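Reading through the structure tokens given below for one structure.
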Amino acid sequence: MKILVTGTAGFIGFFVAKHLLERGDEVVGIDNINEYYSVKLKYARLKETGIEEKEIKYGKEIQSIKYKKYRFIKMALEDRDLLPKLFETEKFDKVIHLAAQAGVRYSIENPWAYIDSNIVGFTNILECCRFNKVQHLVYASSSSVYGENEKVPFSETDKVDNPISLYAATKKSNELMASCYSKLYDIPITGLRFFTVYGPWGRPDMAPMLFLKAIMEGKTIDVFNNGNLSRDFTYIDDIVKGVVRITDHISLKNNKGYRHEVYNIGCSSPVKLMDFIETLERVSCKKAQKVFKPMQQGDVYKTYADTSKLETEIGYKPKVQLLEGIEHLVEWWNGEGKAVV
């Protein structure tokens, strides 16, 4: 199976590519390696998959020195010249689209980055799949589409018409665009609503890594809404297994002619933010220096995934509990992590 994975210098894309390669798939990875957060970490992830930083140039294909079935190309999603050419040349069986401009609060500062990557770039992916007979497109949505939904747990059948950040709005737009393309062009497409992913090699702009780094370095951490928040923290291994299981499961056409499905992938066990910090303290044997602050613009009070659809239709349920996940995270930090974050 030849699979395109976008965002392979990113957190989830890095792990998904490794998983596919280790089970024997052929993978082509692309990423624009933008500077939204440290490129040092992105290059370190690529190095783990056998892609050397010194070889990377825009549009240049690089063969991994670790995996014979892995090639990487630095490329922007919105490149309407190179991306279609890549699809035409490679004839991908499936596409796992994980690249995007991430971050809720940054979308308030730099909205155009989200339009370019998440709207224009996603349209480019859809068009390439349309004209190259891709068997299945799987793409990353987000739990942020639920906005300030007061009903918990969040279900795929809930209304998601009131996002509270531009990032969330672009992800909701992706779902609408995907649904349209599945109907018009008979393309099997699946969207994945991820819930607060954490683990080794994780994003340094998200709370789990921000908190860990500050605690380990004896620095203060900002605790928003005075700690009165909860998140459905989901360990990276659970996310990756879910992504791959869903990629292997091609949706059938429903009674309205659509071949588009959306699934929550979360641990389905929300944790209070203060409990998360306490677990980090306990495992790291260090005390957090907390600075309590008011609620941030664009943030939500609680996330909680209903994963019954994932369990029923895919036969999969995330299972890594918080303590185990934090232990793996701290172990990684004490090894190679502190050198790259």
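Would you check which residues across the stretch 16-54 are within 21 Å of Gly121 (Cβ to Cβ), in a helix (DSSP H, G or I) and not aliphatic (A, V, I, L, M) and list them?
Passing the criteria: Lys42, Arg45.
Please go through the stretch 156-176 and pick out each residue that is part of a helix (DSSP H, G or I) and either touching a residue at least 40 places away in the same chain (Cβ under 8 Å) or of a type in the set (A, V, I, L, M) (or both).
Restricting attention to the stretch 156-176, the residues satisfying the condition of being part of a helix (DSSP H, G or I) are 166-176.
If the condition is that a residue be part of a helix (DSSP H, G or I) and either touching a residue at least 40 places away in the same chain (Cβ under 8 Å) or of a type in the set (A, V, I, L, M) (or both), then Leu166, Tyr167, Ala168, Ala169, Thr170, Lys171, Ser173, Asn174, Glu175, Leu176 are the ones that fit.
Within the stretch 73-110, can you find the residues that are open to solvent by less than 10 Å² (accessible area, probe 1.4 Å) and in a helix (DSSP H, G or I)?
Matches in the stretch 73-110: Leu83, Phe87, Ser107.
Among the residues that make up the stretch 36-46, is at least one of them in contact (Cβ under 8 Å) with a residue 40 or more places away in the chain and in contact with a strand residue (DSSP E or B) (Cβ under 8 Å, 6 or more places away or on another chain)?
No, the stretch 36-46 has no match at all.
Test each condition in (1) open to solvent by less than 50 Å² (accessible area, probe 1.4 Å); (2) touching a residue at least 60 places away in the same chain (Cβ under 8 Å); (3) under 23 Å from the mean Cα position of the chain (by Cα) for Ile250 and report the one that comes out false.
The number of the failed condition is (1).
Give the residue that is farthest from Lys309 (Cα to Cα), with candidates limited to residues of the stretch 177-191 that are assigned to a loop (DSSP other than H, G, I, E, B) and open to solvent by less than 40 Å² (accessible area, probe 1.4 Å).
Step one: filter the stretch 177-191 for residues assigned to a loop (DSSP other than H, G, I, E, B), giving 186-188.
Checking which are open to solvent by less than 40 Å² (accessible area, probe 1.4 Å) leaves us with 187-188.
On the way: Ile187: 21, Pro188: 17 Å.
Only one residue fits best here, namely Ile187.
Can you run down the residue pairs with Cβ atoms below 8 Å, 6 or more apart or on separate chains, where the first is in the stretch 177-189 and under 10 Å from Arg130 (Cβ atoms) and the partner is surrounded by fewer than 17 Cβ atoms within 10 Å (Cβ to Cβ) and among the basic types (Lys, Arg)?
Short answer, once both residue conditions are applied: Tyr181/Arg130; Tyr185/Arg130; Asp186/Lys253; Ile187/Arg130.
Filter the stretch 309-338 down to the residues that are free of Cβ contacts under 8 Å to residues at least 12 places away in the same chain and open to solvent by less than 80 Å² (accessible area, probe 1.4 Å) and list them by number.
Glu311, Gly335
What's the number of the condition Asn162 fails, among (1) at pLDDT 95 or above; (2) surrounded by fewer than 21 Cβ atoms within 10 Å (Cβ to Cβ)?
For Asn162, the exception is condition (1).
Looking at the stretch 111-131, is at least one residue surrounded by fewer than 17 Cβ atoms within 10 Å (Cβ to Cβ), in a loop (DSSP other than H, G, I, E, B) and out of contact with any Gly (no Cβ under 6 Å at 6 or more places or on another chain)?
The answer is no, given that none of the residues of the stretch 111-131 is surrounded by fewer than 17 Cβ atoms within 10 Å (Cβ to Cβ), in a loop (DSSP other than H, G, I, E, B) and out of contact with any Gly (no Cβ under 6 Å at 6 or more places or on another chain).
How about the stretch 200-229: which of its residues are under 21 Å from the mean Cα position of the chain (by Cα) and on the phi > 0 side of the Ramachandran plot?
Trp201, the sole residue that qualifies.
Would you pick out the residues in the stretch 132-146 that are crowded, with 21+ Cβ neighbours inside 10 Å and in a loop (DSSP other than H, G, I, E, B)?
Selection gives Val134, Ser141, Ser142.
For the condition in contact with a Ser or Thr (Cβ under 8 Å, 6 or more places away or on another chain) and either open to solvent by 40 Å² or more (accessible area, probe 1.4 Å) or farther than 21 Å from Ser143 by Cα (or both), what is the one hit in Tyr301, Tyr198, Tyr263?
Within the list Tyr301, Tyr198, Tyr263, the selection yields Tyr301.
Which residue pairs have Cβ atoms under 6 Å apart, sit 6 or more places apart or on different chains, and have a first residue in the stretch 50-61 that is open to solvent by 80 Å² or more (accessible area, probe 1.4 Å) and a second that is of a type in the set (D, E, K, R)?
Qualifying pairs under 6 Å: Tyr58/Lys74; Glu61/Arg71.
I'm checking my understanding of the structure. Among residues of the stretch 209-247 that are assigned to a helix (DSSP H, G or I) and of a type in the set (Gly, Ala, Ser), which one is surrounded by the fewest Cβ atoms within 10 Å (Cβ to Cβ)? Let's see the steps before the verdict.
Here is the first cut: in the stretch 209-247, the ones assigned to a helix (DSSP H, G or I) are 209-216, 225-227, 236-247.
So of that shortlist, the ones also of a type in the set (Gly, Ala, Ser) come out as 214, 227, 242.
Values: Ala214: 18, Gly227: 16, Gly242: 23.
Per the stated criteria, the residue is Gly227.
Among the residues of the stretch 139-173, write down those that are farther than 20 Å from Ile12 by Cβ and touching a strand residue (DSSP E or B) at 6+ places or on another chain (Cβ under 7 Å).
Result: Val152, Pro153.
The values are calculated or read from the model by the stated rules, or taken from the named source; none is laboratory data. Since this is a predicted model, take the numbers as computed values, not measurements. Positions of Cβ are generated from backbone atoms using ideal geometry, with glycine treated the same way; all protein chains shown enter the neighbour counts. Heads up: the accessible areas ignore ligands, DNA and RNA and are worked out on the full protein's heavy atoms, side chains in. Shrake-Rupley method; radii C 1.70, N 1.55, O 1.52, S 1.80 Å.
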